[in-house]
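Please read through the structure below; I'll follow up with questions.
The values are calculated or read from the model by the stated rules, or taken from the named source; none is laboratory data. Since we're looking at a predicted model, the values are computed, not measured. Here the Cβ positions follow ideal geometry from the backbone for every residue, glycine too, while neighbour counts run over all protein chains shown.
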Amino acid sequence: MIIAIASGKGGTGKTTVAVNLALAWGAPVWLLDCDVEEPNAHLFLRADSAQQEIITVPVPQVDMARCDACGECSRFCVYHAIVAPGTKPLVFRELCHSCGGCARVCPRGAITEVARRIGVIETSEVEGVTLVGGHLDVGVAMSPPLIRAVKARIPHDGVALLDAPPGTSCPVITAIRGADAVVLVTEPTPFGLHDLTLAVQMVGALGLPMGVVVNRVGIGDNRVHAFCAAHHIPVLQEIPDDRRIAEAYSQGIPIVEALPEYRALFRQLAESVTALCAARRFVTQGDGHEHRGGGETELRPLNPATGASTTEGANANVRV
Ligand code: SF4
Ligand code: SF4
């Protein structure tokens, strides 16, 4: 079971929910910190030691002695990561998406691939939680390759919680794609509603079941709840606006450790999320039979909130 915890904007409490959900799960669980540009789950789950792996991606290297400046590689690369303006090519490694295409089209066999370091993955064990965190190197612009490397550590069975980057851009989609369900964390404020709306559209476009956790309940208004009700998105849990939570956060102490009375709240959330994943059933478009799992492109999901078949596409229940 793979559960992604995401939010339309930063600062909503996404990592707080991910860390405390992991600690309250009640069984061994994996927590994968996919917010590789700013990982912070390790600040709350402090391990004595961590195993480190350096992550690299392949980028082209040109043998100038073989190159005849034909420009085929430059014409092939849509990312302008290898440019040959009538001369032998220049390689801009930061722009390279590691597709390997330039090496294939080079008629002179002048291009080989070399490894470029993009970051590290740290793995540690803390209180029944296996924490896998990606740390992108300073100056590396593209985080999806490192996020994919973190996700490659997801175990074949068991429970994996993914702490996704904030927002709705490529890194988030890389993180949440393939999850069994997405938990969207938001605040009951106009900003929270605005960014939740974008996040709901994104998750709906991927055809994934979703639910909402409303953090800091007590501030703002009830428009987030009204939005969720109008779009049949379950509110999985509410976390009150409690000053003691902010104090524990500022000291890097998980809520369930600083304030054990909140453990039941996160246990309830674990049960709600498990139920949401169980509701992920598919019907094939062709034969009408029910199936579990399978490719996103050939299957359409049932409405996660109602269990009804979505006959107008995967995001029919979240049109906003
Ligand atoms: S590997 Fe792909 S993205 Fe990178 S320079 Fe070559 S063609 Fe461009
Ligand atoms: S395709 Fe090969 S030979 Fe042609 S410019 Fe690029 S590296 Fe040189």
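Output the qualifying pairs, or none if there are none: Cβ atoms under 6 angstrom, residues six or more apart or on different chains, first residue in segment 89-112 and free of Cβ contacts under 8 Å to residues at least 12 places away in the same chain and within 14 Å of Ala69 (Cβ to Cβ), second residue aromatic (Phe, Trp, Tyr) and more than 9 Å from ligand 2 (Cβ to nearest atom).
none
Quick one: how many residues across segment 107-153 are of a type in the set (S, T, N, Q), away from ligand 2 (no atom under 16 Å from the Cβ) and surrounded by fewer than 22 Cβ atoms within 10 Å (Cβ to Cβ)?
At the first step, the residues of segment 107-153 found to be of a type in the set (S, T, N, Q) are 112, 123-124, 130, 143.
Narrowing the set further to residues that are away from ligand 2 (no atom under 16 Å from the Cβ) leaves 123-124, 130, 143.
With the extra rule that they be surrounded by fewer than 22 Cβ atoms within 10 Å (Cβ to Cβ), the set shrinks to 123-124, 130.
Total satisfying the criteria: 3.
So, in segment 90-148, how many residues would count as being under 30 Å from Ser74 (Cα atoms) and out of contact with any Phe, Trp or Tyr (no Cβ under 8 Å at 6 or more places or on another chain)?
Final tally of qualifying residues: 37.
Ok, one more. Can you spot a residue in segment 15-23 that is in contact with a Gly (Cβ under 6 Å, 6 or more places away or on another chain) and not polar (S, T, N, Q)? Explain how you work it out, then say what you get.
Step one: filter segment 15-23 for residues in contact with a Gly (Cβ under 6 Å, 6 or more places away or on another chain), giving none.
No, segment 15-23 has no match at all.
Hey, can you tell me all the residues within segment 4-42 that are within 12 Å of the chain's Cα centre (by Cα) and either under 13 Å from Gly128 (Cβ atoms) or among the basic types (Lys, Arg) (or both)?
Across segment 4-42, the qualifying residues are Lys14, Leu31.
Is it the case that segment 22-35 has a residue that's surrounded by 24 or more Cβ atoms within 10 Å (Cβ to Cβ), out of contact with any helix residue (DSSP H, G or I) (no Cβ under 9 Å at 6 or more places or on another chain) and within 22 Å of Ala248 (Cβ to Cβ)? Let's see the steps before the verdict.
Residues of segment 22-35 that are surrounded by 24 or more Cβ atoms within 10 Å (Cβ to Cβ), as a first pass: 22, 31-35.
Retained after the next criterion (residues that are out of contact with any helix residue (DSSP H, G or I) (no Cβ under 9 Å at 6 or more places or on another chain)): none.
So far as segment 22-35 goes, no, none of its residues is surrounded by 24 or more Cβ atoms within 10 Å (Cβ to Cβ), out of contact with any helix residue (DSSP H, G or I) (no Cβ under 9 Å at 6 or more places or on another chain) and within 22 Å of Ala248 (Cβ to Cβ).
Of (1) at pLDDT below 95; (2) assigned by TED's automatic domain parsing to the domain that holds Val19; (3) farther than 18 Å from Ser7 by Cα; (4) in contact with a strand residue (DSSP E or B) (Cβ under 9 Å, 6 or more places away or on another chain), Leu265 satisfies all except one. Which?
Of everything listed in (1) at pLDDT below 95; (2) assigned by TED's automatic domain parsing to the domain that holds Val19; (3) farther than 18 Å from Ser7 by Cα; (4) in contact with a strand residue (DSSP E or B) (Cβ under 9 Å, 6 or more places away or on another chain), Leu265 misses just condition (1).
Step by step: first the residues of segment 65-106, then only those that are among the hydroxyl-bearing types (Ser, Thr, Tyr) and farther than 19 Å from Pro145 by Cβ, then the one that is farthest from ligand 2 (Cβ to nearest atom). Which residue is that?
Thr87
Restricting attention to segment 93-107, and to residues there that are in contact with an Asp or Glu (Cβ under 7 Å, 6 or more places away or on another chain) and part of a helix (DSSP H, G or I), which single residue is farthest from Pro60 (Cα to Cα)?
Step one: list which residues in segment 93-107 are in contact with an Asp or Glu (Cβ under 7 Å, 6 or more places away or on another chain), which gives 100, 103, 105-107.
Next cut, part of a helix (DSSP H, G or I) only: 103, 105.
Details: Ala103: 7, Val105: 12 Å.
Per the stated criteria, the residue is Val105.
Return yes when Val183 is modelled with pLDDT of 95 or more and outside the structural domain of Val203 (by TED's automatic domain parsing) and no when it is not. Steps first, answer last, please.
Numbers: modelled with pLDDT of 95 or more: yes; outside the structural domain of Val203 (by TED's automatic domain parsing): no.
No, not satisfied.
If you don't mind, there's one more thing I want to ask. How many of the residues in segment 48-78 are surrounded by fewer than 11 Cβ atoms within 10 Å (Cβ to Cβ) and within 9 Å of ligand 1 (Cβ to nearest atom)?
1
Going through segment 108-163 one residue at a time, which ones are in a helix (DSSP H, G or I) and of a type in the set (D, E, K, R)? Break it down into steps so the answer makes sense when it comes.
So the first thing to find is which residues in segment 108-163 are in a helix (DSSP H, G or I), and the list is 144-151.
Arg148, Lys151 - these are the residues of segment 108-163 that are in a helix (DSSP H, G or I) and of a type in the set (D, E, K, R).
Which of the residues spanning segment 185-228 are part of a helix (DSSP H, G or I), charged (D, E, K, R) and farther than 22 Å from Ile3 by Cα?
Residues of segment 185-228 part of a helix (DSSP H, G or I): 190-206, 223-228.
If we keep only those that are charged (D, E, K, R) too, we end up with 195, 223.
Of everything in segment 185-228, just one residue is part of a helix (DSSP H, G or I), charged (D, E, K, R) and farther than 22 Å from Ile3 by Cα, namely Arg223.
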